[in-house]
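Accompanying notes for the structure given below.
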Amino acid sequence: MLFDTHAHLHDAAFDADRPAVLARARAAGVAGFLTIGTDEGTSVAAVALAAAEPDIYAAVGIHPHDASTADGTTLERLATLARAPRVVAIGEIGLDYYRDLSPRAVQRTALVAQLQLARAVGKPVLLHCREAHADLLDVCLAEGVAAVGGILHCFSGDLEVARRGLDLGLLISIAGPVTYPSARRLAEVVRALPLGRLVVETDCPYLPPQPWRGQRNEPAYLPVTAARVAELLGVPMRTVAAATSENAARLLALPPLRSGPAASPA
Ligand SMILES: [Zn+2]
Ligand SMILES: [Zn+2]
């Protein structure tokens, strides 16, 4: 049983066949999903999808790409959404100095505001970071992220960054790139980390594992990523599935996961 800690299932990429995508994932052993907003509109969509599907939870936030939209009015609306019952985290938020789609100072301001929102509502954060790890971890430390916890999603840093993240109380999330033959540094990071601090994700519709590169990603592919993590750690797949699901459920304060959530009650 796996939990997909980072998905964008409300994305238009799934509009044509969302029920089939979810059915394939459930059949593949994915027992829960976190669908994550990246701006105000997608945060509203994430909350709506979580309200309709018992095994989907929502997160609301403004992505660093969209940080320029995080004005006072938008942040107020986000704060209202953040208090909805099936919203279990604030995200995705963070810093992206690779694509720089919003000015860096604006990205940092939006990150600080949303870390403060997370503390105000007592929910963990989902952190996106590309080529900005030093700044991201500094801001997280200054804003007391340890009080709520969080996940460094689609981890792309080195071992030193991972250890700093662990020191801040964060979990490390491994995504499809761990299956790429070129991902040697990420493989080394996974081998060095305690299973008690790892979670797995798809980031669908983006970043498919190796067999599906170039195609749309979906949660049914999550077992391939988890199997690679198990291989790197030298433990059985079921051990990785159980540990990563428990780690996610603890952080997000979820009820215990059950397989076959669509099954009729006994
Ligand atoms: Zn991201
Ligand atoms: Zn994402």
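The values are calculated or read from the model by the stated rules, or taken from the named source; none is laboratory data. Note that the structure is a prediction, hence the values are computed from the model and not measured. A quick note on method: Cβ atoms are made from the backbone with ideal geometry, for glycine too, and the neighbour counts reach across all protein chains shown. When the accessible area is computed, the model is the full protein with side chains, heavy atoms only, and any ligands, DNA or RNA have been set aside. Shrake-Rupley method; radii C 1.70, N 1.55, O 1.52, S 1.80 Å.
Remark: the chain carries a charge dipole of roughly 660 debye about the Cα centre, counting +1 on each Lys and Arg Cβ and -1 on each Asp and Glu Cβ. Maximal additional length on extending the Gln215-Tyr180 stretch stands at 11.2 nm, based on 0.36 nm per residue less the C-alpha distance.
Projecting the Cα positions of Ala7, Leu171, Cys154 onto the charge dipole of the chain (unit charges on Cβ atoms of Lys, Arg, Asp and Glu, taken about the Cα centre) puts Leu171 furthest along the positive direction. In this structure the chain gives 41 Å² per residue of accessible area when probed at 1.4 Å with all protein chains present. One decimal place: the segment Arg83-Asp158 gains 23.6 nm when fully extended, by the rule 0.36 nm per residue minus the C-alpha distance.
Length gained on full extension, Ala23 to Val121: 32.0 nm, using 0.36 nm per residue less the C-alpha separation. In region 1-62, Cα pairs under 8 Å separated by at least six residues give a relative contact order of 36 percent. Scanning the chain for long hydrophobic helices, with DSSP H runs required to stretch 27 angstrom or more by C-alpha along their axis and to average at least 1.0 on the Kyte-Doolittle scale, returns nothing. Across the chain, C-alpha contacts under 8 Å between residues 6 or more apart give a mean separation that, scaled by the residue count, equals a relative contact order of 21 percent. Once you sort the root eigenvalues of the Cα gyration tensor of region 204-263 as a ≥ b ≥ c, which label holds: rounded (a/c under 1.5), prolate (a/b larger than b/c) or oblate (the other case)? Note, shape of region 204-263 comes out oblate. Averaging the sequence gap over all C-alpha pairs within less than 8 Å and six or more residues apart, then dividing by the number of residues, gives region 114-266 a relative contact order of 18 percent. Rounded to the nearest Å, what's the spacing between the alpha carbon centres of region 75-124 and region 200-260? Just the number, please. Distance between centres, Cα-based: 24 Å. The residue among Leu193, Ala134, Tyr206 whose Cα reaches farthest toward the positive pole of the charge dipole of the chain, with charges on the beta-carbon of Lys, Arg, Asp and Glu, is Leu193.
Between Arg238 and Thr109, the C-beta separation translates, for a Förster distance of 41 Å, into a calculated FRET efficiency of about 0.40. Sorting 182-189, 93-100 by average packing, meaning the other beta carbons within 10 Å per residue, from highest down gives 93-100, 182-189.
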